[in-house]
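The numbers here are math on the coordinates, done by the rules we state, and not lab data. Not measured: the values here are computed from a predicted model. Cβ: placed from backbone, ideal geometry, glycine included. Neighbour counts: every protein chain shown.
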Amino acid sequence: MTTVAAYAVPAPKAPLERTTIERRPVGEFDVLIDIKFAGICHSDIHQAREGWGEAMFPMVPGHEIAGVVTEVGPGVTKYAVGDRVGVGCMVDSCRECDNCKTGQEQYCTGGGMVGTYNALDKNGEPTYGGYARAIVVDENYVVRIPDGLSLDVAAPLLCAGITTYSPLKHWNAGPGKKVAVLGMGGLGHMAVKIAHALGAEVTVLSQSLRKKDDGLKLGADHYYATSDPKTFEELAGSFDLILSTVSAPLDFGAFLSLLKTDGALVNVGAPEEPISLNLFSVINNRKTLAGSMIGGIAETQEMLDFCAAHGFGAEIELIAAEEINEAYERVLNSDVRYRFVIDTATI
Ligand SMILES: [Zn+2]
Ligand SMILES: [Zn+2]
């Protein structure tokens, strides 16, 4: 076992505080990663505050991890000491079900993926995430960070990047397609960059025009305020795909009205309460209301290579560990451009 410094939530809704945790010994197929940077994802806050249901405490959040390999187990073939690597939302899965075999480990049906934190591993031990100095992960759940990407701006790609890349690819965002990104936060700003790089015509639908200049700079072609009722008149029937990154309650009927025939509204944000919907809003014009959760390991590698090839990471605000609690409040107030990243050397 290795004792490492970490920031943990001791009990539901409690502030984070510095502590130490034990990491398992490096097993045959494990790599030990010296964590350099960890992104703060909105879902860290949902889980720390039990917004998505009962959680495990103490909790060390963090599933946007970038670092350097410092030790490898004897059976490791993919990574060597000194490699720049990342870990996202999962650290294991059954490896035998159809989804695991086809690179969709995030949808593992053989017991489900093992979350990077707030989960139990195969030995029944709690997993602890990236707000820590080091982590031990099986090499099959580690990805390589390409040389062209700095580790700090790469960290948020491990959740925000793959969460938006996977549905954009699945629903064929590309040349000739009109894609709307709903919400201009951590996920939304990555969706804009990726959809633009894929060649789609990109529209941001945000509550206000406050971040319009940023949106256009990051690759959006158009930017509309959803607080303006005229937006819904003007854009009715416009989009092939709307990617909703919003985790607040939404008027789904209103947004479905913005889709073309056969269009899809895909959710990667998850409101804490169930939604209510008049089904005629999907029956009419054969529309789809769908969801998508992160991406598989191979697809996460593909996404990192794609972002590096196009020369971008996330837009970040780098913070020290002692600023995490304040950063949580700022995320809840949509006051971050566009992802907080913890410099883990300060833990
Ligand atoms: Zn996340
Ligand atoms: Zn599986």
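Cross-link partners for LYS260 among the aspartates and glutamates, with Cα-Cα distance under 17 Å and sequence neighbours closer than 8 places in the same chain left out: GLU201, GLU233, GLU234, ASP240. Among GLY103, GLY53, GLY62, the residue with the largest mean-square fluctuation in a Gaussian network model of the chain, with springs joining Cα atoms closer than 10 Å, is GLY53. Compared with the direct C-alpha span, the chain from ALA236 to GLN207 gains 8.7 nm at full extension, assuming 0.36 nm per residue. Using the rule -39500 (n - 2.57) for each DSSP H run of four or more residues, divided by the residues of the chain, the 222 nm mean residue ellipticity is -6000 deg cm²/dmol.
For the range 161-291, the orientation-averaged shadow of the C-alpha convex hull comes to 7.1 nm² (one quarter of the hull surface).
Quick one: among THR288, THR245, THR164, which has the greatest mean-square fluctuation in a GNM of the chain with alpha-carbon springs under 10 angstrom? Evaluated over the chain, the most mobile residue of the options is THR288. Per residue, the convex hull around the alpha carbon atoms of the chain comes to 128 Å³.
Roughly how big is the range 1-70's charge dipole about its Cα centre, with Cβ charges of +1 (Lys, Arg) and -1 (Asp, Glu), in debye to the nearest 20? That gives the range 1-70 a dipole magnitude of about 180 debye. Largest GNM mean-square fluctuation across SER43, SER244, SER227, computed for the chain with C-alpha springs under 10 Å, falls on SER227. Between ALA14 and ASP251, the FRET efficiency estimated from the beta carbon spacing at R0 = 30 angstrom works out to 0.30. Each Cα pair under 8 Å and six or more residues apart adds its sequence gap; the mean of these over the residue count of the chain is a relative contact order of 18 percent. Here the peptides 330-339, 166-175 are ranked by packing, the mean other Cβ count within 10 Å, and the order with the highest first is 166-175, 330-339.
With a Förster radius of 35 Å applied to the C-beta separation of ALA345 and ARG24, the computed FRET efficiency comes to 0.95.
Applying 1/(1 + (r/R0)^6) with r as the Cβ-Cβ distance of GLU273 and VAL68 and R0 = 30 angstrom yields a FRET efficiency of 0.15.
Its Cα centre serving as origin, the chain has a Cβ charge dipole (Lys and Arg +1, Asp and Glu -1) of approximately 680 debye.
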